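*Asks:* Below you will find the structure I want to go over with you.
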Amino acid sequence: MSEAKKLRWTVDVTLNDVDSLVSFLRAQMPESDIGSSEQAYRTHYALRTAINVVSHNVQYRLGEEAIAHAKERPDWDLERAHTIQRSWGDLVNIAREWKGVEGFDHERWVYREVVDTEEEAPASPDETAEPAVFEYRIPRARDGAAEDIVVARSAEHPESWGVFEGSTQGWHWDGSSWQHPSLTGSSPYRYTEQDALAAARRCAAAPRNPEGTDH
């Protein structure tokens, strides 16, 4: 994966991540002696097929052939990164149903963002942000700029949840408008999990004004 990091567009997902997650999911499937006429067999067969398709998609784009192609085609480099992001997100969505099962990797099996390695670092990054564990992503209606809504729990205070735009811990929803911790200094973790999900769904359904508020 070291070569992939030399590309302009990258996602923090490795082949080991994919293999580990797929192995975990397959271990949750029923034994093969379930009768093919049973509903459980059909359901799990369909799920296994979906897992195979998605995992092969991301595995190919993390492979040497795809990396070499991306180095020659900058436009495909970006497309490759977004495909990795989407496919990995699909696997994470499937695995979330078993997040309480032993062996679930809460640190690695989370949503990842596409990163531009040539982009200059922010002039004044927010170094005071609390460590977060991103648990849910809720797609929103695109208005040309807005990102998906992400619900995260505080790594330091697991019972405290926040609602963010994207996974950068930048803009967070304070209950009435979008705020940034570098401007307010306030903690974004003010919700329970249930309330955070409800707020995120309301935000996802509403248009996002470019100045950073929904007023």
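*Asks:* Tell me, which residue of the range 41-50 that is of a type outside the set (Ser, Thr, Tyr) and either in contact with a Phe, Trp or Tyr (Cβ under 6 Å, 6 or more places away or on another chain) or free of Cβ contacts under 8 Å to residues at least 24 places away in the same chain (or both) is farthest from Thr117 (Cα to Cα)?
*Replies:* Restricting to residues being of a type outside the set (Ser, Thr, Tyr) and either in contact with a Phe, Trp or Tyr (Cβ under 6 Å, 6 or more places away or on another chain) or free of Cβ contacts under 8 Å to residues at least 24 places away in the same chain (or both), the top hit is Arg42.
Okay, residues lined up against (1) touching a residue at least 60 places away in the same chain (Cβ under 8 Å); (2) assigned to a loop (DSSP other than H, G, I, E, B); (3) surrounded by 14 or more Cβ atoms within 10 Å (Cβ to Cβ):
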{"residue": "Asn52", "(1), (2), (3)": "no, no, no"}
{"residue": "Val58", "(1), (2), (3)": "no, no, yes"}
{"residue": "Glu65", "(1), (2), (3)": "no, no, no"}
{"residue": "Ala68", "(1), (2), (3)": "no, no, no"}
{"residue": "Asp75", "(1), (2), (3)": "no, no, no"}
{"residue": "Ser87", "(1), (2), (3)": "no, no, yes"}
{"residue": "Glu102", "(1), (2), (3)": "no, yes, no"}
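*Asks:* Please name all residue pairs, on different chains or six or more residues apart, with Cβ atoms under 8 Å, provided the first residue is in the range 161-183 and is under 12 Å from Cys203 (Cα atoms) and the second residue is among the basic types (Lys, Arg).
*Replies:* Qualifying pairs under 8 Å: Glu165/Arg208; Asp174/Arg190; Gly175/Arg190; Trp178/Arg208.
*Asks:* For residues that are in contact with a Phe, Trp or Tyr (Cβ under 7 Å, 6 or more places away or on another chain) and modelled with pLDDT under 75, tally how many sit in the range 120-169.
*Replies:* Of the residues in that region, 2 qualify.
*Asks:* Shifting gears a bit: Of the residues that make up the range 5-19, is at least one part of a loop (DSSP other than H, G, I, E, B), in the same structural domain as Glu107 (by TED's automatic domain parsing), within 15 Å of Ile94 (Cα to Cα) and modelled with pLDDT under 90?
*Replies:* No, that holds for no residue.
*Asks:* Of a type in the set (A, V, I, L, M), modelled with pLDDT of 85 or more and not assigned by TED's automatic domain parsing to the domain that holds Thr168 - does that describe any residue in the range 27-36?
*Replies:* The answer is yes, given that some residue of the range 27-36 is of a type in the set (A, V, I, L, M), modelled with pLDDT of 85 or more and not assigned by TED's automatic domain parsing to the domain that holds Thr168.
The values are calculated or read from the model by the stated rules, or taken from the named source; none is laboratory data. Remember, it's a predicted structure, so these values are computed and weren't measured experimentally. Because the Cβ atoms are built from the backbone with ideal geometry, glycine has one as well, and the counts that use them run over all protein chains shown.
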